[in-house]
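Each remark here refers to the structure printed beneath this line.
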Amino acid sequence: MASQDKTGTGKKNRAARKLPLDKNGRIHIHDGGTAIFELQVEGKAYAFRDMALDAWLAYSNGRVQEYTSLLTLTDEELASSVNPKNKYSNKFEIISLASARLSKTSLYTKEDVFTSVSSKKQFGLMPVGGISFKLCEQDVGDSLFIYKEVQPPVLAGREDGDWIFKGDWLADSLFALDYAQARRIDFTEISLPQGKGMAGGGKMPKGYVWTYVRKGESGRLPEGWPNVVEIDRKDEDVQGRAVTRMVGCDSCTLGPKYSFTVPSGTGIVWYRKTEDDEGWLTVGLPYAVEKVTWESPDGETVASERLCFEKITGEGVVFHRMETDEAWKACVPYLWKATESRESVVCFYGDGTVVQAQENSLKETDGFYTIFSRYDIENEKENVFLLDDSGTRFVRAAAGSWMAPGRGYLVYTGTGSHTLRLIEKDSPDEVDWIKFRTDGHPLPVYGPDGVKRGEILPGEGIPEEWPKGLYIIPYGKMMKK
């Protein structure tokens, strides 16, 4: 048995191999020479699951003498025993008196084991020869104990605001930091200490800074912590789930780090300042927009127009006008403007949607794209064109210019052009549909609660056998009626 760092047995500690973790923080072994058990806790009961066999460390309460056997049983095998005097169990517990006596954590069977027809008692999990364990009626040697090697606390990325925490942190140290200096916070590589308020001179993050924690640990953050996402598995298409309302704006310069669902009723809103002019603006967000309002998600609906990119020709950049009720898709940039412009704040609101992550790199082929984090243009050779202040043409981006998150940019590899004219069309001659997935890769489908329902191939509808209602794919919503 091994923990993710070290194990000890008896008074003389025996260091186990320090096993590498995968990107989900789980131990993986390939040689078959070590059994790795995952600890699961239910109240005061402890259980150990063999990760390779997907089976439980178990025992029988049937009549035995001094020793009884440790078994490895599946869920089905555990459920198959019905005789109350000869059944299997995978539950263990800590006996505090024994632990105090041995100065270690003593694990005993939660179920009593029969030692005769009328006598029964709990058996302890004891080491045998320093390399294996068995269940023992008496205190033979020292009880099994497991400990974790404490790692020094590390805060990476402090200078650029992309805070990544590693190692082991105490609450008094972790929550005494000035999080108002952070631009993005990643707690997914540490186990958050149990709930405590801000300590010392600690400050909460700003209202637009997003924080990522491990699944089930959001409740350990101080009350009122904004923009929290719980991350489950980093190797999935959708890696986590928002547990608070998410708020974004131009100051979210680092963008989403992981992809995650925003369950119905939680909501995500992106704020954008507007001027009192009639020019087009570029807008491209990492989630499907449900409505656009003035000043707040509950504010007045913004009457607006949208154009969708079609192609680049020798005459300029062609966009076609969209219908008012056409879906606003995730990761797709548009030209947008309010029908009646005003100097104010616009809210792009989404709910029951998926937020997409994006690498901070630009596309290289001709087209119109979106960026979710600030990007600085290093030189004019990047072939990037930005919409100018008039909103009527695209201009080659000069070295030293930059793009704010949630904007669209044009890539044009043709030579000699420093400006490209914007051409508006009422309807497309031939729409080139944007392909979100290639090679027939399936799309994950989620319910409004953020729970995965299954998968469909690009271009397919919701399967007939699925219930009616709203479904969410990474780039928008689908309704089955």
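Throughout, read-outs are computed from the coordinates displayed, never taken from laboratory work. Note that this is a predicted model, so its numbers are computed, not measured. Because the Cβ atoms are built from the backbone with ideal geometry, glycine has one as well, and the counts that use them run over all protein chains shown.
Checking the cross-link filter: which aspartates and glutamates have an alpha carbon closer than 19 Å to that of Lys468, excluding same-chain neighbours under 8 positions apart?
Asp351, Asp449, Glu455, Glu460
What FRET efficiency do you get for Ser81 and Ser173 if R0 is 41 Å and r is their Cβ-Cβ distance, rounded to the nearest 0.05? Could the numbers behind the result be given before it?
Numbers: r = 48 Å, r/R0 = 1.17.
Efficiency for this residue pair is about 0.30.
Considering amide H positions built from the backbone, and no H for Pro or chain starts, which residues 5 or more places from Gly255, or on another chain, come under 5 Å of its amide H?
Here the answer is Arg374, since their amide H atoms fall under 5 Å of that of Gly255.
Which pairs in the list Lys257/Lys311; Lys203/Lys234; Lys257/Lys425; Lys44/Lys452; Lys166/Lys234; Lys273/Lys477 are over 25 Å apart, alpha-carbon to alpha-carbon?
Working: Lys257/Lys311 30 Å; Lys203/Lys234 29 Å; Lys257/Lys425 36 Å; Lys44/Lys452 31 Å; Lys166/Lys234 16 Å; Lys273/Lys477 27 Å.
From the list (Lys257/Lys311; Lys203/Lys234; Lys257/Lys425; Lys44/Lys452; Lys166/Lys234; Lys273/Lys477), the Cα-Cα distance tops 25 Å for Lys257/Lys311; Lys203/Lys234; Lys257/Lys425; Lys44/Lys452; Lys273/Lys477.
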